[in-house]
Structure formats: C-alpha cells, structure tokens
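Worksheet: one structure, shown below.
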Amino acid sequence: MTLHVQLVSPEQVLYEGDADMVIARVLQEGDIAFLSGHAPFLGALATHPIQLILADRTREVFAVHGGFIEVSNDNVTVLSDVAELPTSIDVERAEEAKRRCEALLAAEPNDFVAAAALERANLRLEVASKS
C-alpha cells in the first residue's frame, strides 16, 4: 500500500503523487517516518529535507523551510511557506549566503536572524547536492 502525498507551497504544488514512505523532521519529536496505515498526525516541520521513498525505491528530496505536515487515511499533506525542488536551488547564491551568515555569526554569535539564514542556506546546499 502507498501514501498519497501533496507537498504544497504558496507558489506551487511541488509534488503530488504516491510514495511508500515519507520522512520528515518535526519540531519536538525529531525525525519521523510515515508508512501506509500510520495513525493520524499533525506536526510543525523543522527546516530540514523531506524525503519521499517511491515504489521503485528511488528518493525524491525537497528543501522545506518549516510548515506543517498532516497524515490521515494514507494521505500526507505538507504545507510550507517556503519549499524548494533541488533543481530550483541556486547553489552559488546559497554558498554566498552561507559565507555571509558565518561572518555575521563570527562577529555576533547571538544573531538569531543570521543563524536562521545559515540554517536555510545549509539546507539548500544539502538538498541541491542530492539531486
């Protein structure tokens, strides 16, 4: 049995289709995997990749910068303000953002805005490297 998955951002539907497993990181609980028959679940997503394991055992990976995940009756819905396909990530821009944030944090370690931007840049680089 499979899960029907929708991964949606305000700009577009990044993925709609079936998957055997969905792996996400939710706040408070950490990493969680969803299989067919999973109990209903609603959680807030961390800034982290979401992985879909497809029937042919290939993986689809997406950069998800927070949002929510809902699981019910073998349907998984991911709603995120910002989500990106690996192919849409500008690696040079992400590397520059990473360098800029690291410099800001070296000067001011408690700069939470720079820390959050660094986390997003690192996520983009991680997901782009898997494409």
> Conditions: (1) surrounded by 12 or more Cβ atoms within 10 Å (Cβ to Cβ); (2) at pLDDT below 95. Thr87 meets all but one. Number of the miss?
Replying inline: (1)
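For Ser36, indicate whether it is open to solvent by less than 60 Å² (accessible area, probe 1.4 Å) and within 19 Å of Gly66 (Cα to Cα). Can you show your working first?
Numbers: open to solvent by less than 60 Å² (accessible area, probe 1.4 Å): yes; within 19 Å of Gly66 (Cα to Cα): no.
Here the answer is no, as Ser36 does not meet what is asked.
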> If you scan region 5-33, which residues turn out to be surrounded by 14 or more Cβ atoms within 10 Å (Cβ to Cβ) and either more than 19 Å from Asn73 (Cα to Cα) or in contact (Cβ under 8 Å) with a residue 40 or more places away in the chain (or both)?
Replying inline: Val5, Gln6, Leu7, Val8, Ser9, Leu14, Tyr15, Ala19, Val22, Ala24, Arg25, Val26
>> Given (1) more than 20 Å from Pro10 (Cβ to Cβ); (2) open to solvent by less than 70 Å² (accessible area, probe 1.4 Å); (3) of a type outside the set (D, E, K, R); (4) in a helix (DSSP H, G or I), identify the lone condition not met by Val61.
In response: (4)
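Could you tell me whether any residue of region 68-77 is more than 22 Å from Leu27 (Cβ to Cβ), among the small types (Gly, Ala, Ser) and either touching a residue at least 24 places away in the same chain (Cβ under 8 Å) or not in a strand (DSSP E or B) (or both)?
no
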> Only one of (1) farther than 23 Å from Ala115 by Cα; (2) loosely packed, with under 15 Cβ neighbours inside 10 Å is not met by Val78, so which one is it?
Replying inline: (2)
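The values are calculated or read from the model by the stated rules, or taken from the named source; none is laboratory data. Since this is a predicted model, take the numbers as computed values, not measurements. When we count neighbours, we look across all protein chains shown, and the Cβ atoms used for this are built from the backbone with ideal geometry, even at glycine. Remember, those area values only see protein heavy atoms, side chains included, never the ligands or the DNA or RNA. Shrake-Rupley method; radii C 1.70, N 1.55, O 1.52, S 1.80 Å.
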